[in-house]
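Just so you know, all these numbers are worked out from the coordinates, no wet-lab data involved. Because the structure is predicted, anything quoted here is derived from the model rather than measured. Cβ placement follows ideal geometry from the backbone for every residue including glycine, while neighbour counts extend to all protein chains displayed.
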Number of protein chains: 2
Amino acid sequence: MNKIALLALLFFQLKATAQNQRPNIIVFLIDDMGWMDTSVPFGDSLQPLNKRYHTPNMERLAREGVKFTNAYATPVCTPSRSSLMTGMNAAHHGITNWTSPWRDDPTDQADKEFERANWNYNGYSGLSEVPHALQATPLPMLLNNAGYFTIHVGKAHWGSIGTPGSNPYNLGYQVNIAGHSAGHPQSYQGRENYGNIPGKASVQAVPDLQEYHGTDTFLTEALTLEAIKSLKDPIENKRPFFLHLAHYAIHDPLQPDKRFVQKYLDAGLPAQEANYASLIEGMDKSLGDLMKFLEARGVANNTVVLFMSDNGGLSLVPPRAGTAHSHNLPLRAGKGSVYEGGIRVPMLVKWPKNSKAGSICSEPVIIEDFFPSILEIAGVKQVKTVQQVDGKSFVPALSSTTIKNNPDRPLIWHYPNKWQVVDGPGINYYSAIRKGDWKLVYSMRQQKLELYNLKEDIGEQQDKALQHPEKVKELSKLLSDQLRIWKAPMLTYKANGNRVPYPDEVKLP
Amino acid sequence: MNKIALLALLFFQLKATAQNQRPNIIVFLIDDMGWMDTSVPFGDSLQPLNKRYHTPNMERLAREGVKFTNAYATPVCTPSRSSLMTGMNAAHHGITNWTSPWRDDPTDQADKEFERANWNYNGYSGLSEVPHALQATPLPMLLNNAGYFTIHVGKAHWGSIGTPGSNPYNLGYQVNIAGHSAGHPQSYQGRENYGNIPGKASVQAVPDLQEYHGTDTFLTEALTLEAIKSLKDPIENKRPFFLHLAHYAIHDPLQPDKRFVQKYLDAGLPAQEANYASLIEGMDKSLGDLMKFLEARGVANNTVVLFMSDNGGLSLVPPRAGTAHSHNLPLRAGKGSVYEGGIRVPMLVKWPKNSKAGSICSEPVIIEDFFPSILEIAGVKQVKTVQQVDGKSFVPALSSTTIKNNPDRPLIWHYPNKWQVVDGPGINYYSAIRKGDWKLVYSMRQQKLELYNLKEDIGEQQDKALQHPEKVKELSKLLSDQLRIWKAPMLTYKANGNRVPYPDEVKLP
């Protein structure tokens, strides 16, 4: 071997070694999981709901990683999932509501007062141009281009059928198991083929899991087994991987995970709530199985695990039992709402080599922050994206528990859509902004601004707008300016075609 | 055990034994395979094309079963596939053209003269009611209800995405591997993930075969391995099965099956034709592997194998090399045409216990005949279907080589659609009828009737209409009456909105 060849070989070996040291990354994304749906307390103290649920593996992850107590998603799923993939705020990417499996089928409920806002109801289409869909560079494509092996398992729900975003491969995934256009499973039961029943398969029938059909394998378990299977190749080939394990759990239909449901029934919970709790524990077992697998394969120390939910816990009755809008107490309301119950979610991050075990970060972070954070973790620099990225990396918080660079950064939610037939607390036509401890909530229907101090009043019970008009003015201007800059979808009145006022155009009380 | 219990047990055992004796049924359906695309001569003598192609397993099947030399499909795929599932003629079920993967997207080329016919362009939707789709009881559902384990592997192409027919489960299949709305694969290559490439997956990317991604497994081989895998359960459980193994091969893209292509290149074929021949031989290997598996499992003697193609061989240049409309010689034209090259296809049936090995049946049969034949083979009687079934069982021919009951039964093709931008021989807006040796061809554009005697002139070169006006009259009336009874989709002129004449309304020359 001559010297040049030897040098070249050494160079490639060094490069390969450097590449092999890049951390593996797992996003463990849960559907519809509320801030209280866990035995890990994300509030200041252990609440009754924390005692109801059993999530020992989340407890372990919290002990070994960082707990984010002020982590946010959007009120519903597709906006959050698209923010995670693109780093854009929902008001900016324009997918402000959940997307139908059908193309050109806006999911807004009919309303007497408002015309439908011009949102991206065909969802996210990756780099393809599709009418009424978001065109933006996807996170997995960037990771894949940087050498990562990219895997999606579970719920996708990025684009309607017939659009490129309906197929996770088009977002840069190299493996897709069970992800398509639907936002929930037809069935969680292997005995029911996850919905693939002769003559009865709906568009929500889960694809790809034929091997588990007719068995007792619960969907959460099947996805876990498939995720683990998909990791074997990259681990053997010493290739860094990005796994997006997006469970269908704990979204409705609230079916029992039979491995866990009995103890919740025995504890006296009504059937729906026992089912709900069993869905949570099944999801938690998945987390544990995955962590055990990483340890057994000797890659746990070089794998970052990011636990997240895509919106607050569902609190409609039915399908839940009990009192509507109470299932995330002390947080107000639930899924679909811009109140904390709809948007504040459990988030845990463990980066064995860099995170401070058992620490707590109380700085506000939001779902679009995953995009720059994951790229930073992966060491991907000088990223070229079609879109302007709104998210900020939370990686500094992993080692120091503060993000430092911008403690007063405003976070924005914008939901100019009608989610439910009947308006609820913070549900249907709301925007909101949080800056520091202050949160402004804007009802487009009522043309009303509310102001809460989350530090003193996490339950958003005491509207301080009258006492702090300057704060209302400041936040409404911040919110409105950003909505204008982002060209966020806005409503118009049916009666006269006028645009609904921006928050800073609303007359203060 | 008391006597009643013992009797009940015996009864169920007897019943189970009787059921176990029901034959397994395999439909081995090839896409776009022409009558000459095989080393098995379906004509009177071995032709040059029979020498070009190597299909030793088809040769074996022909030796062990019955060769149908006058077997027909329709000119393109979806109509044939829907006829097989429903027993209806295409003019009757109204899916007269291939269906788009997209819903509400008729595939007809634009035409200056004709409005689009009102055909079922959303395809076949099983028992569901869908606008512009066929509602009819599907064969696999009837078999499944009768106790058969029903499996689909490969190309489905029954309904557009978003319709129930896009999911083979809705037609009564208990297993579906790789079947969806698309009519061809994005890629046959495992190295290209069958099209599931990050950022580049089209709607033709083949689902379900993740395990073969990144490997050298050719699509035909992957489907064969999956089909064999799916048979293990029913065989072990002694449950009769119905396997619909519908290969994507040999449809365009004409990619090389690397296991076989070299010898065809060595024989001097141009690349496209070598690729084409390799697709054929790969398909033939699949047939052989399947037959070997059945033997190894000891079920070959109780398994009926039905080999069929869904239309004539593609003869457009490109993608084929050579002269357009010449690839099925001595038959005239190819896929898309109502001339013999477009509709006459290779068909072989082996029922070890009932068919006469090595025999030849020259009576005309057509794709909708599979429906009643398969039900007869399965012993399913008193079938209730939503639709009136047009097909006739060819089972009598398996033992006696004649069907006897109706040697002069007329067969009908109706294709009131524009398949290609440029009209070709028998291509775009044609109907046809065959009765005995006579075939009438009706060009809607030219308002012309042609008459051929297939016994003397299989190449349809000598139009005998002028010599046999009575035959023209008889056949045009037969064809027209049937189109009226079936309410077949008909064209109208753009100029005046008038319906295009039925054949019996055309002025004879």
The simple spin-label model distance between B:Glu295 and B:Asn496, using points 7 Å out along Cα→Cβ, in nm, is 6.6
MRE, 222 nm, helices only [DSSP H, n ≥ 4, -39500 (n - 2.57), over the protein assembly as shown, to nearest 500]:
-8500 deg cm²/dmol
At a Förster distance of 25 Å, what's the computed FRET efficiency of B:Ala324 paired with B:Gln109, Cβ-Cβ distance as r, to 0.05?
0.90
Separation of alpha-carbon centers, the range A:409-482 and the range A:63-85, rounded to whole Å:
19
Here the correct list, in nm and shortest first, of distances from A:Glu211 to the same site in the other copies, label points 7 Å along Cα→Cβ, is 0.5
Just how far, in whole angstrom, is the range B:168-216 from the range B:312-353 if you go by their alpha carbon centroids?
26
Using a simple charge model, +1 on the beta-carbon of Lys and Arg, -1 on the beta-carbon of Asp and Glu, nothing else, what dipole does chain B show about its Cα centre, in debye to the nearest 20?
1100
When N is the residue count of the range A:23-399, what does its C-alpha Rg come to as a fraction of 2.2 N^0.38 Å?
0.91
So, in nm, how far is label B:Lys448 from label A:Arg191 when the simple model puts each one 7 Å beyond its Cα toward the Cβ?
6.6
Tell me, what ³J(HN,Hα) does each residue in the range A:24-36 have, in order and in whole Hz, if you take phi through Karplus 6.51 cos²θ - 1.76 cosθ + 1.60 with θ = phi - 60° and put x for Gly and Pro?
6, 10, 10, 9, 9, 9, 9, 9, 6, 8, x, 5, 9
Inter-copy label distances at B:Glu236 (7 Å, Cα→Cβ; nm, one decimal):
2.3
The ³J(HN,Hα) series, computed from each phi in the range A:138-144 with the Karplus coefficients 6.51, -1.76 and 1.60 at θ = phi - 60°, rounded to the nearest Hz and given as x for glycine or proline, is x, 3, x, 5, 5, 5, 4
Filtering trypsin sites (Lys or Arg not before Pro) in the range B:182-244 by DSSP loop and by at most 12 other Cβ atoms within 10 Å leaves B:Lys238
Closest Cβ on chain A to the rotation axis that carries it onto B (distance rounded to whole Å)
A:Ile161, 3
FRET efficiency for B:Lys232 and B:Asp266 from the Cβ-Cβ distance with R0 = 45 Å, rounded to 0.05, comes out at 0.75
B:Ser362 to B:Ser400: extension gain in nm, 0.36 nm per residue of separation minus the Cα-Cα distance?
12.5 nm
Ascending list, in nanometres, of distances separating the B:Ala321 label from those of the other copies (7 Å, Cα toward Cβ):
7.2
By the scheme Lys and Arg +1, Asp and Glu -1, what is the net charge of all other residues having a beta-carbon under 10 Å from that of A:Leu61?
+1
